[in-house]
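J.: Below you'll find the structure I mean.
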Amino acid sequence: MNSTIWLALALVLVLEGLGPMLYPKTWRKMILSLANLPDSVLRRFGGGLVVAGFVIYYMLRSRLGG
């Protein structure tokens, strides 16, 4: 696999781990509140994250000349 993909995965893991490490009670409340949301809201939220990720990727890729 490309080293850029591994670096991106490592960054995601670091960012995902910060919440439960620094604020476990708040993180748990957030996860419980997300679990109570309807599927349609979760799908829209997930779709928004995917779109945001593609936009950031495209912007970085075009800026870095890749």
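J.: If the Cβ limit is 8 Å and pairs must be 6+ apart or interchain, which residue in the range 4-30 that is without any contact (Cβ under 8 Å) to a residue 24 or more places away in the chain pairs with which residue that is surrounded by 10 or more Cβ atoms within 10 Å (Cβ to Cβ) and among the aliphatic types (A, V, I, L, M)?
T.: From the range 4-30, the pairs are 19/30.
J.: Quick one: which of 24, 20 is modelled with pLDDT of 95 or more, in contact with a helix residue (DSSP H, G or I) (Cβ under 6 Å, 6 or more places away or on another chain) and not hydrophobic (A, V, I, L, M, F, W, C)? Explain how you work it out, then say what you get.
T.: On the way: 24 fails: in contact with a helix residue (DSSP H, G or I) (Cβ under 6 Å, 6 or more places away or on another chain).
The unique qualifying residue is 20.
J.: Go through (1) out of contact with any Gly (no Cβ under 8 Å at 6 or more places or on another chain); (2) open to solvent by less than 100 Å² (accessible area, probe 1.4 Å); (3) part of a helix (DSSP H, G or I) and name the single condition residue 37 misses.
T.: (3)
J.: Taking into account only those residues within the range 1-18 that are open to solvent by 100 Å² or more (accessible area, probe 1.4 Å) and more than 23 Å from residue 31 (Cβ to Cβ), which is farthest from the chain's Cα centre (by Cα)?
T.: 1
J.: If I go through the range 40-66 residue by residue, how many of them are assigned to a loop (DSSP other than H, G, I, E, B) and at negative phi? If you could, list the steps in order and put the result at the bottom.
T.: The first filter runs over the range 40-66 and keeps only residues assigned to a loop (DSSP other than H, G, I, E, B), leaving 65-66.
Adding the requirement that they be at negative phi leaves 66.
Total meeting the criteria: 1.
J.: Also: Filter the range 15-26 down to the residues that are closer than 18 Å to residue 57 by Cβ and of a type outside the set (D, E, K, R) and list them by number. Lay out the reasoning, then the answer.
T.: Looking only at the range 15-26, we keep the residues that are closer than 18 Å to residue 57 by Cβ, and these are 15-16.
Correct list: 15 only.
The values are calculated or read from the model by the stated rules, or taken from the named source; none is laboratory data. These numbers were taken from a predicted model, which means no experiment stands behind them. Because the Cβ atoms are built from the backbone with ideal geometry, glycine has one as well, and the counts that use them run over all protein chains shown. Note: areas computed on protein heavy atoms with side chains; ligands, DNA, RNA excluded. Shrake-Rupley method; radii C 1.70, N 1.55, O 1.52, S 1.80 Å.
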